[in-house]
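Engineer: This is the structure I want to talk about, given as structure tokens.
The values are calculated or read from the model by the stated rules, or taken from the named source; none is laboratory data. Since the model is a prediction, treat every value here as computed from it, not as a measurement. Cβ placement follows ideal geometry from the backbone for every residue including glycine, while neighbour counts extend to all protein chains displayed. Calculation scope for accessible area: heavy atoms of the full protein, side chains included, ligands and nucleic acids excluded. Shrake-Rupley method; radii C 1.70, N 1.55, O 1.52, S 1.80 Å.
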Amino acid sequence: MSLVFLSPLLFIIASLIRKRMGEPVLFRQQRPGLHGRPFWLLKFRTMTDVRDNTGILLPDVDRLTKFGRFLRATSLDELPEFFNVLKGDMSLVGPRPLLMQYLDRYTPEQARRHEVKPGITGWAQIHGRNALTWEEKFKLDVWYVDNWSIWLDIRVLIITLWKIIRREGINHPGMATMEEFRGK
């Protein structure tokens, strides 16, 4: 039902991305889901594929477009993840799905974040999002796993709307996105 309601907005955003950045409109990347099983995450594309003279992608800060920054600041880039929820790969609330290469870098405690489905929003997102350190994020993710309830999810969803309006914690300090998790 929410996808039907959002379809005009999805169409407008997709059209603007195609006009400003070309194709593809969607960013598609394999991420670990429940129990670390991979799935294809969908988001609206916010960066170009600009490369240096040797063919290596430029840093995120150089590829993130002005329109992409707007999409991220408003969390509109996340809207295609509703398809992931509909498909059953994600939930509305849960730890954010990170990169596949992080799986073997987690401590056993950090890996517990995969005991629930990943979410479009989560406990760590409403407590700082990308302004948090990796350690802080993982502690909040595991706290969510240990304390899950439908009421907690409702609380997270309500606070998420407030955080989106206030545009808090979008970027890691001094970075366009988030630094790579290297372990521990």
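Engineer: Wholly within segment 79-166, which helices (runs of 4 or more DSSP H) include no fewer than the required count, namely at least 2 residues that are over 19 Å from Leu41 (Cα atoms) and free of Cβ contacts under 8 Å to residues at least 24 places away in the same chain?
Structural biologist: Correct list: 134-147, 150-166.
Engineer: Also, I was wondering about something else. Quick one: in segment 51-78, of everything that is in a helix (DSSP H, G or I) and either free of Cβ contacts under 8 Å to residues at least 12 places away in the same chain or on the phi > 0 side of the Ramachandran plot (or both), which residue is most open to solvent (accessible area, probe 1.4 Å)?
Structural biologist: Lys66
Engineer: When you scan segment 155-169, do you find a residue that is surrounded by fewer than 18 Cβ atoms within 10 Å (Cβ to Cβ), β-branched (Val, Ile, Thr), at pLDDT below 95 and within 14 Å of the chain's Cα centre (by Cα), even just one?
Structural biologist: Checking segment 155-169: at least one residue is surrounded by fewer than 18 Cβ atoms within 10 Å (Cβ to Cβ), β-branched (Val, Ile, Thr), at pLDDT below 95 and within 14 Å of the chain's Cα centre (by Cα).
Engineer: Kindly provide the set of residues from segment 6-50 that are in a loop (DSSP other than H, G, I, E, B) and of a type in the set (Val, Ile, Thr), ordered by number.
Structural biologist: Val25, Thr46, Thr48, Val50
Engineer: What are the pairs, 6+ residues apart or on separate chains, where a residue within segment 8-35 that is under 18 Å from Asp89 (Cβ atoms) has its Cβ under 9 Å from a residue that is charged (D, E, K, R) and assigned to a strand (DSSP E or B)?
Structural biologist: Filtered contacts from segment 8-35: Leu26/Lys43; Phe27/Lys43; Arg28/Lys43; Gln29/Lys43.
Engineer: Which numbered condition trips up Ile150, out of (1) under 23 Å from Asp60 (Cβ atoms); (2) hydrophobic (A, V, I, L, M, F, W, C); (3) open to solvent by 50 Å² or more (accessible area, probe 1.4 Å)?
Structural biologist: (1)
Here is a yes/no grid of residues against (1) under 30 Å from Val145 (Cα atoms); (2) of a type outside the set (A, V, I, L, M); (3) at pLDDT below 95; (4) open to solvent by less than 20 Å² (accessible area, probe 1.4 Å):
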residue	(1), (2), (3), (4)
Ser15	no, yes, no, no
Val25	no, no, no, no
Phe44	yes, yes, no, yes
Thr48	no, yes, yes, no
Pro80	yes, yes, no, yes
Pro108	yes, yes, no, no
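Engineer: Name the residue that is modelled with the lowest pLDDT, counting only residues in segment 116-136 that are buried (at least 16 other Cβ atoms within 10 Å of the Cβ) and among the charged types (D, E, K, R).
Structural biologist: Applying the filter and picking the extreme gives Arg129.
Engineer: Name the one entry in Asn53, Asn84 that is closer than 25 Å to Phe181 by Cβ and of a type outside the set (Asp, Glu).
Structural biologist: Checking each option against the conditions leaves just Asn84.
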